[in-house]
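Taking it in order: structure first as structure tokens, then the write-up.
The values are calculated or read from the model by the stated rules, or taken from the named source; none is laboratory data. Since this is a predicted model, take the numbers as computed values, not measurements. Backbone-built Cβ (ideal geometry, glycine too); neighbour counts: all protein chains shown. We work out accessible area using only protein heavy atoms, side chains counted, and drop any ligands, DNA or RNA first. Shrake-Rupley method; radii C 1.70, N 1.55, O 1.52, S 1.80 Å.
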2 protein chains.
Amino acid sequence: MAENHGKEEVVERPDDFHIDVPSDDDDNNANINIIEPFKLKAGLSVNSKSSLLILNQEINMPWVTFIKIWNSTSLHVCADGGSNRLLAYINKFANSTHDDDCKKFKPDYIVGDLDSITDKTRKFYSDMKEEVKILLQETQYSTDLMKSLSLINLHFNFHKELINSLKEFDEHDGIEKLNKNLNKNLGFEKLSLIDVYILGGIGGRFDQTIHSINQLYHISSYYHNKLHLTFFNRDFEDLVLLIPKGLNFVKIHKQQIGSKKNAKHNRVVGLLPIGKEVIINTKGLKYDVTNWKSSIDSKVSTNNLIAGDNGFEMECTEDIVINFQIFDNDFA
Amino acid sequence: MAENHGKEEVVERPDDFHIDVPSDDDDNNANINIIEPFKLKAGLSVNSKSSLLILNQEINMPWVTFIKIWNSTSLHVCADGGSNRLLAYINKFANSTHDDDCKKFKPDYIVGDLDSITDKTRKFYSDMKEEVKILLQETQYSTDLMKSLSLINLHFNFHKELINSLKEFDEHDGIEKLNKNLNKNLGFEKLSLIDVYILGGIGGRFDQTIHSINQLYHISSYYHNKLHLTFFNRDFEDLVLLIPKGLNFVKIHKQQIGSKKNAKHNRVVGLLPIGKEVIINTKGLKYDVTNWKSSIDSKVSTNNLIAGDNGFEMECTEDIVINFQIFDNDFA
């Protein structure tokens, strides 16, 4: 990749552009961070410590996709009213086995200030006793999203301590306090890597969207990049994640064959410097950039496309938000 | 307001909190910028130079609201495929007078690279001849949103020059070139104030949302705050605009009576420092802040509420994005 000084450039690439995946054997690649935004696509839980988190927004995706994502994640959490959305979604696909489905696709935890969960939802999941843990956390100084992420980290990294704490539970902010203490005592470098896939944080009321982006930055920094968040945008059109500063290779399938006359469509990507100004170098995009200074109040690369056959390289001087178009067959 | 140094504080206010509207007669208020996010609510075109711009996203709002917004704006522009959305929306409310409605709610201009407008839409509006001007602007180095905003500025500030230019029209980037030259020659301080209300820029694919925010900053700076953009979020749940740095008073109705047991609901507001770090002072919010340092990768005030009966004061060291919840009766 080019150095971060010198001439600022944009180069237009052909739609097909060969790019090598960095090999593990090459010592030069030791400092390359490999990003796989669609690793759930394989239908396998690549990371056994992976979680699906459902926030309070209508779920809108094909049923087969939902099943695939559910089965590829090992922990399922609803943030407060997310539990209503889960039941409503399953209801939409109700058939003779509806009641079975509701019980099969049950969350492990429901957590939050519980001002949104309806009496009906609460009763339904309460009847499952220990199988669904409903945890009240009253504090208004953190959101249901923040409470859920603390719980997910506790579940995977401090399971014994979490279960013990539930015996004498501080319903104000017990989860976040416990999480903070345990992380600090253990040291962040010893935490396990966790993937969290989130439904419902982006595309609704705009301050909620920005809260999700705020958490994307905060969580990456607080957990020293050990907790990876991927937000599915509403209507499942694209997904949103953070690319850490430094040298990255994004492994991604660039194209799908469209229904119209078998036309090929390249995948849309946006490089979104929401936090601060970033200098970006890429190799493998339709509009590749060199030494490109980007910030929200100057220029931003939106509606770009992936041209590299195996993905693209991206070097950035700060963490940067990125979104990728989802194709119909990505999770089918 | 407090000075921008000293102790950082958050104060919780009661839901009802009296706050005076700055009087025009008081010389001390000369430097206060008055913001009225819901001035269209009155159903009057407060500013005769106001425009409705429809982008390529499904329109989703009550029909009475649409009519009110349409009638309160004097210029109507569709960006490329926005024209399909307009026809589809009117179609949804079709009745015996459907064809009349389609002709009544016709855009003055359709502009863009025209890769999204369907043949059917194009024919429908072409048949209206001079009444609907369809303008091809091919360049891929600016978006349909950017092309539309240049056109709107030309229409209100340089109408004669615009009409003349249409005789020998540069279909690559004629509009933006003309706009740039005329603005520069006239001087930005002499431009008229224009309000643009935009449907469809926020809440869809995330890079498109961020492009809208990028334009919010860019347009405010380029036009020296003479072109005001207000984005209606998808599903009409909230609106998004930019508050300029300095001392502002936001005139806004804080409450509506809910349907449930006549409960009062305070209006949700988010202070969203997407561009850069901002120091904020407010007076009249549920969670008022003093000397509060806010940035997207540290802390952000989302899900705040308006408590002041006439609105609230807000002082900020940089331009800041803000969103306001829309109530059912705001445009009814």
Quick check: pseudo-label points 7 Å beyond the Cα along Cα→Cβ at A:Ala88 and B:Val10, how many nm apart are they?
2.8
Given a 1.4 Å probe and every protein chain left where it sits, what share in percent of the accessible area of chain A is carbon and sulfur?
47
Please check: in the Gaussian network model of chain A (C-alpha springs, under 10 Å), which one of A:Lys167, A:Lys106, A:Lys39 has the largest mean-square fluctuation.
A:Lys167
Under the rule of at least 5 residues apart or a separate chain, name every residue whose amide H is placed under 5 Å from the amide H of B:Ile252.
B:Gly311, B:Phe312
Which value at 222 nm does the protein assembly as shown reach when only helices count, each DSSP H run of 4 or more adding -39,500 (n - 2.57), with the total divided by all residues and rounded to the nearest 500 deg cm²/dmol?
-8000 deg cm²/dmol
Chain B shape via C-alpha gyration tensor axes, a/c threshold 1.5
prolate
Residues from the range B:196-210 losing no less than 40 square angstrom of accessible surface in the full protein assembly compared with the chain alone, 1.4 angstrom probe, ligands and nucleic acids excluded, are B:Arg205, B:Phe206, B:Asp207, B:Ile210
Label points for B:Thr118 built 7 Å along Cα→Cβ; distances to same position in the other copies, nm, shortest first, come to 3.5
With R₀ set to 51 angstrom, the calculated FRET efficiency between the beta-carbons of B:Asp328 and B:Asn291, to the nearest 0.05, is 0.90
Most to least accessible of B:Glu9, B:Glu131 (protein chains only, probe 1.4 Å):
B:Glu131, B:Glu9
Quick one: with label points 7 Å out along Cα→Cβ, list the inter-copy distances for A:Asn164 in nm, shortest first?
8.3
The ³J(HN,Hα) series, computed from each phi in the range A:223-228 with the Karplus coefficients 6.51, -1.76 and 1.60 at θ = phi - 60°, rounded to the nearest Hz and given as x for glycine or proline, is 8, 6, 6, 8, 10, 9
Return a whole-number percent for the relative contact order of the range A:48-192, with Cα pairs under 8 Å and 6 or more residues apart as the contact set.
21
At the level of C-alpha centres, the distance separating the range B:194-257 and the range B:127-177, in angstrom, is 23
By the gyration tensor of its Cα atoms, with a ≥ b ≥ c the square roots of the eigenvalues, what is the shape of the range B:199-332: rounded for a/c under 1.5, prolate for a/b over b/c, or oblate?
oblate
Amide H contacts under 5 Å for A:His172, restricted to residues at least 5 apart in sequence or on another chain and with H modeled in the peptide plane, are A:Glu138
Helix A:82-92: angle to the longest alpha-carbon principal axis of chain A, degrees 0 to 90, nearest 10?
90
What angle do you read, to the nearest 10 degrees and between 0 and 90, between the alpha-carbon axis of helix A:144-157 and the longest principal axis of chain A?
90
In nanometres, the difference between 0.36 nm per residue of separation and the alpha-carbon distance of A:Thr118 and A:Ser48 is 22.0 nm
Output ³J(HN,Hα) for the range B:29-39: one whole-Hz value per residue in order, computed from phi by the Karplus curve 6.51 cos²θ - 1.76 cosθ + 1.60 with θ = phi - 60°, and x for Gly and Pro.
8, 4, 9, 8, 8, 8, 10, 10, x, 10, 5
Relative to the other copies, what are the label-point distances for A:Asp24, with labels 7 Å from Cα along the C-beta vector, expressed in nm at one decimal and sorted shortest first?
7.3
How many nm is it between the label spots at A:Tyr222 and A:Asp20, if each spot is 7 Å from the Cα in line with the beta carbon?
4.1
What ranking of A:Arg122, A:Arg205 comes out by heavy-atom accessible area, probe 1.4 Å, highest first?
A:Arg122, A:Arg205
With θ set to phi - 60° and the Karplus curve 6.51 cos²θ - 1.76 cosθ + 1.60, what are the ³J(HN,Hα) couplings of the range B:115-123 in order, to the nearest whole Hz, using x for Gly and Pro?
8, 10, 4, 7, 4, 5, 4, 4, 5
Protein-protein interface of the range A:267-293, residues with accessible area decrease of at least 50 Å², isolated chain reference, 1.4 Å probe
A:Ile274
Please report the net charge: other residues with Cβ closer than 13 Å to the Cβ of A:Leu75, K and R +1, D and E -1.
+1
Would you mind checking the radius of gyration and Dmax of the range A:48-192 based on alpha-carbon positions, in Å?
15.4, 50
Against the longest principal axis of chain B, how steep is helix B:174-186, in degrees 0 to 90 to the nearest 10, with axes from Cα atoms?
50
Rounded, prolate or oblate (a/c below 1.5 giving rounded, otherwise prolate when a/b exceeds b/c) for the range B:130-229 by Cα gyration tensor:
oblate
With a 1.4 Å probe, what is the total accessible area buried between chains B and A, in Å² rounded to the nearest 100?
3100
Charge dipole (the protein assembly as shown, unit charges on Cβ, about Cα centre) - positive-most of A:Ala79, B:Val10, A:Tyr287:
A:Ala79
Once amide H atoms are placed 1.01 Å from N in the peptide plane, what residues at a sequence separation of 5 or more from A:Thr118, or on another chain, have their amide H within under 5 Å of its amide H?
A:Asn84
About the Cα centre, and with charges only on the beta carbon of Lys, Arg (+1) and Asp, Glu (-1), how big is the dipole of the protein assembly as shown? Nearest 20 debye, please.
1200
Where only protein heavy atoms count, and the probe is 1.4 Å, what is the accessible area per residue for the range A:48-192 in Å²?
49
What's the extension gain from B:Trp70 to B:Asp170 if we count 0.36 nm per residue and subtract their Cα-Cα distance?
33.0 nm
